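> This is the structure I have questions about; it appears just below.
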Amino acid sequence: MNKYQVFATLEAPDAFTLLDMAAADFFRDKQTLLAQGLEVMGEPILAPDARTAANTYQDYLINPSLPYGGPAAHGTFIYLLLHAPGYLARESRGDAELTHP
């Protein structure tokens, strides 16, 4: 997965620029965009390609309640999947008062 940063203005968030954060010239390009008055919009987006990242950002503009970004959007769900068996086992043994596994 690639990490993309979105740049736009608050007045026209739908006119945006994506930068691949792994690109060699990312920091130079970022400074250029910031000097032009664009702002960083939200968290970086994890996506397999720029088109998918752009679609994710556009979907977010249409419906801000959709997950945006990457791991943070799914982190709670993944955490629950990974740790639920341990919590359920402790609860069935009667020692649910214990802290993190």
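The values are calculated or read from the model by the stated rules, or taken from the named source; none is laboratory data. Keep in mind it's a predicted model, so treat the numbers as computed, not measured. Positions of Cβ are generated from backbone atoms using ideal geometry, with glycine treated the same way; all protein chains shown enter the neighbour counts.
> Can you tell me which residue in the range 24-57 is surrounded by the most Cβ atoms within 10 Å (Cβ to Cβ), limited to those that are assigned to a loop (DSSP other than H, G, I, E, B) and modelled with pLDDT of 95 or more? I'd like the intermediate steps shown before the answer.
Within the range 24-57, the subset assigned to a loop (DSSP other than H, G, I, E, B) is 24-25, 36-38, 41-44, 48-49.
Okay, now just the ones that are also modelled with pLDDT of 95 or more, so 24-25, 36-38.
On the way: Ala24: 8, Asp25: 10, Gln36: 10, Gly37: 9, Leu38: 19.
This residue is Leu38.
> Does Ala53 meet the test of being under 18 Å from Pro64 (Cβ atoms) and either free of Cβ contacts under 8 Å to residues at least 60 places away in the same chain or of a type in the set (Val, Ile, Thr) (or both)?
Details: under 18 Å from Pro64 (Cβ atoms): yes; either free of Cβ contacts under 8 Å to residues at least 60 places away in the same chain or of a type in the set (Val, Ile, Thr) (or both): yes.
For Ala53, the condition - under 18 Å from Pro64 (Cβ atoms) and either free of Cβ contacts under 8 Å to residues at least 60 places away in the same chain or of a type in the set (Val, Ile, Thr) (or both) - is met.
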